[in-house]
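Before any comments, here is the structure.
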Amino acid sequence: MTKAILIAAMSAALANSAVAENEFRHVVLFKFKPEATADKVQEIEKAFAELPKKIPAVTGYEWGKSESVEGLNDGFTHCFLVTFKDKAGLEAYIPHEAHKAFVEKLKPLLEKATVFDYTAKKD
């Protein structure tokens with residue numbers, strides 16, 4: 001099911017944005033622990049939204065909550081799409097101190113994450 005979720009998330013995100021050849025995409029899906037409160041999840045949403053302001057390699061960012069009509073989200077509730085000029089952008093993003101701090105804040109609330117990285121193609 002996770003494969004179907006990733007395909008749907010990528011398709012929806014790209015349908016609404018211009019695809020620049022060879023941009024690098026970082027798709028992240030989160031399934032939060034049952035004990036993660038709505039306030040804590042909202043803190044994560046806000047903290048993730050701050051990353052593009054702190055990490056220059058990010059060229060695009062969007063996110064949303066699952067609205068799956070088919071019910072195939074497998075418990076994943078949040079999708080984040082981060083765009084970089086190229087793969088080197090992601091390689092600078094992952095070890096960045098702001099990203100590391102975000103991950104430490106996220107870990108106690110996260111049941112599962114799925115990450116899919118790819119180079120955008122027009123055809």
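Some points to look at:
- Residue in the range 85-105 that is nearest to residue 33 (Cα to Cα), counting only those that are touching a residue at least 12 places away in the same chain (Cβ under 8 Å) and in a loop (DSSP other than H, G, I, E, B): 96
- Residue match in the range 87-110 (condition: exposed (fewer than 12 other Cβ atoms within 10 Å of the Cβ) and modelled with pLDDT under 95): no
- The set of residues from the range 37-84 being in contact with a strand residue (DSSP E or B) (Cβ under 9 Å, 6 or more places away or on another chain), assigned to a loop (DSSP other than H, G, I, E, B) and farther than 27 Å from residue 20 by Cα comprises 73, 74, 75, 76, 77.
- Inter-residue pairs, beta-carbon under 7 Å, first among the small types (Gly, Ala, Ser) and in the range 30-56, second modelled with pLDDT of 95 or more, 6+ apart: 36/109; 47/102; 47/105
The values are calculated or read from the model by the stated rules, or taken from the named source; none is laboratory data. This is a predicted model, so every value here is computed, not measured. Neighbour counts run over all protein chains shown; Cβ positions are idealised from the backbone, glycine included.
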